[in-house]
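Some notes on the structure that comes next.
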Amino acid sequence: MREAARLRQFLDAPGPVASLRLIRVRGSSPRNTGTEMFVRAESLCGTIGGGQLEHLAIAAARELLAAGNLSHHMDVPLGPEIGQCCGGRVEIALTRMSASDKELALREAEAREAELPAVYILGAGHVGRALADLFQHLPVQTVLIDQRQVELDQCHATVERRQSAIPEIDVMNAAPGSAFIVLTHDHGLDFLLASAALQRGDAAYVGLIGSATKRAKFAAWTHDHCDGLSVADLICPIGAGGSRDKRPAVIAALVVAEVITALTSETAAQCPAFGEAALHIAAQ
């Protein structure tokens, strides 16, 4: 379930809701200005950074709801006084939400979702499906693409699954700043898709599954067939974190970390909402 859907489910439940929004941050803080979470008497949606700060803010929000008050302001130093060592200071606006407040929060969540960077997993084999399983929990738009419907049907992750006879077109039509992970069932198709992603010139990440030998073969192929296209920006092998473990889930974990690092460093200017996009519902 995506952020907006989770938030709508939370806000539509019966009973009052309080919004906790960081309205000013000075110095070091776990989250940035504008970060918001939502509190009910027995449940939560989102986070403003956890720790004692969040614990105090949640308690204050529940007191506000129980007393029937409309708003409250907190100014909290993140130091020894509350058992945190960030060293900064945050101001939090606590507000009992009206119907219009809830609709505004939902519109903001939907807008953030629309701005999320896209991750294209090109190949729905074992590693591709393992990647989809992990990316479904992250604030990205994940698209799993394969020519074979039978492979796509084996994916149970909450991501877009797309059967495509010519996946090069999907690569060409992707938004700027997208990430592409190429791991199809065919090396020739791998080369076509990886070269298409590199030729865009605006991808945040282009990764090709394989070894150093495969990278060398791809470089020779691009020299002969792609007017000497540079492979300097290609990540191959992918997920090269020092592990020799070949299990799909382990490879996927290493690749996801690699891709998210690239997205948050390369597309931060294009997609400032990325780092604040994920909301999580936690029952109390």
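The values are calculated or read from the model by the stated rules, or taken from the named source; none is laboratory data. Everything numeric in this text was worked out from a predicted model, so none of it was measured. Glycine gets a Cβ as well: all are built from the backbone with ideal geometry, and neighbour counts include every protein chain shown.
Worth pointing out:
- Residue 133 being within 17 Å of residue 248 (Cα to Cα), buried (at least 16 other Cβ atoms within 10 Å of the Cβ) and either at pLDDT 95 or above or not assigned by TED's automatic domain parsing to the domain that holds residue 239 (or both): yes
- Within the stretch 218-229, no residue satisfies the criterion of being aromatic (Phe, Trp, Tyr) and surrounded by fewer than 12 Cβ atoms within 10 Å (Cβ to Cβ).
- Qualifying residue in the stretch 106-127 (condition: small (Gly, Ala, Ser) and in contact with a Cys (Cβ under 8 Å, 6 or more places away or on another chain)): yes
Residue-by-condition table, conditions (1) in the same structural domain as residue 172 (by TED's automatic domain parsing); (2) more than 30 Å from residue 160 (Cα to Cα); (3) surrounded by fewer than 17 Cβ atoms within 10 Å (Cβ to Cβ):
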residue	(1), (2), (3)
34	no, no, yes
37	no, no, no
40	no, yes, no
68	no, yes, yes
72	no, yes, no
76	no, yes, no
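- Exclusive hit being touching a Lys or Arg at 6+ places or on another chain (Cβ under 6 Å) and over 23 Å from residue 254 (Cβ atoms), set 104, 144, 152: 152
- Taken over the stretch 109-122, the criterion of being out of contact with any strand residue (DSSP E or B) (no Cβ under 6 Å at 6 or more places or on another chain) and in contact (Cβ under 8 Å) with a residue 24 or more places away in the chain is satisfied by 109, 110, 111, 112, 113, 115, 117.
- Scanning the stretch 230-245 for residues that are closer than 9 Å to residue 198 by Cα and either within 23 Å of the chain's Cα centre (by Cα) or of a type in the set (A, V, I, L, M) (or both), we see that the one that is surrounded by the fewest Cβ atoms within 10 Å (Cβ to Cβ) is 233.
- Look at the stretch 17-29: where a residue is over 7 Å from residue 92 (Cα atoms) and a partner is small (Gly, Ala, Ser), sitting 6+ places away or on another chain with Cβ atoms under 6 Å, you get 18/61; 26/88; 27/87; 27/88; 28/87; 28/88; 29/88.
- Count of residues meeting criterion [touching a strand residue (DSSP E or B) at 6+ places or on another chain (Cβ under 9 Å) and among the aliphatic types (A, V, I, L, M)] in the stretch 164-191: 8
- Checking residue 44 against (1) over 17 Å from residue 70 (Cβ atoms); (2) modelled with pLDDT of 95 or more; (3) crowded, with 21+ Cβ neighbours inside 10 Å, the condition it does not meet: (3)
- Residue 19 within 27 Å of residue 139 (Cα to Cα), among the small types (Gly, Ala, Ser), within 26 Å of the chain's Cα centre (by Cα) and modelled with pLDDT under 95: no
- Candidates are the residues of the stretch 35-47 that are over 17 Å from the mean Cα position of the chain (by Cα) and in a loop (DSSP other than H, G, I, E, B); the one that is nearest to residue 10 (Cα to Cα) is 40.
- Residue identified as in contact with a His (Cβ under 9 Å, 6 or more places away or on another chain) and either crowded, with 18+ Cβ neighbours inside 10 Å or under 30 Å from residue 71 (Cα atoms) (or both) among 101, 146: 146
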